[in-house]
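Visitor: The following block contains the structure, expressed as structure tokens.
The values are calculated or read from the model by the stated rules, or taken from the named source; none is laboratory data. From a predicted model like this one, the values you see are computed outputs, not experimental measurements. Positions of Cβ are generated from backbone atoms using ideal geometry, with glycine treated the same way; all protein chains shown enter the neighbour counts.
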Amino acid sequence: MVHPVPIKLMHFFVCRQFTFVVVFSTFLLTCVNYDVLFKEGKYNMTQKVTIADAVYPVDTLSARYLSDFILALSVILLHNSGI
């Protein structure tokens, strides 16, 4: 008889991987200002761009993209519950 721990452990890591992919994708889609990152439009700067320059401020994100994060969390919860 095979012990069920490896299957549960594998399921745990698959759920964590899915969670990471959804959260990181949501972050990339909603939190990064690509015009600044790629120096396009009015953001044509000559100095080096840092991560702090390319990511929107937290207060802006909470107002603009709260629904995206709630949707991402809903997808994670539905996936992890097995529905």
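Visitor: Take the residues of segment 35-67 that are part of a helix (DSSP H, G or I), among the aliphatic types (A, V, I, L, M) and modelled with pLDDT of 80 or more: which is nearest to V23 (Cα to Cα)?
Guide: V58
Visitor: Output the residues belonging to segment 51-83 that are out of contact with any helix residue (DSSP H, G or I) (no Cβ under 8 Å at 6 or more places or on another chain), surrounded by 10 or more Cβ atoms within 10 Å (Cβ to Cβ) and among the polar types (S, T, N, Q).
Guide: Answer for segment 51-83, where residues must be out of contact with any helix residue (DSSP H, G or I) (no Cβ under 8 Å at 6 or more places or on another chain), surrounded by 10 or more Cβ atoms within 10 Å (Cβ to Cβ) and among the polar types (S, T, N, Q): T60, S62, S74.
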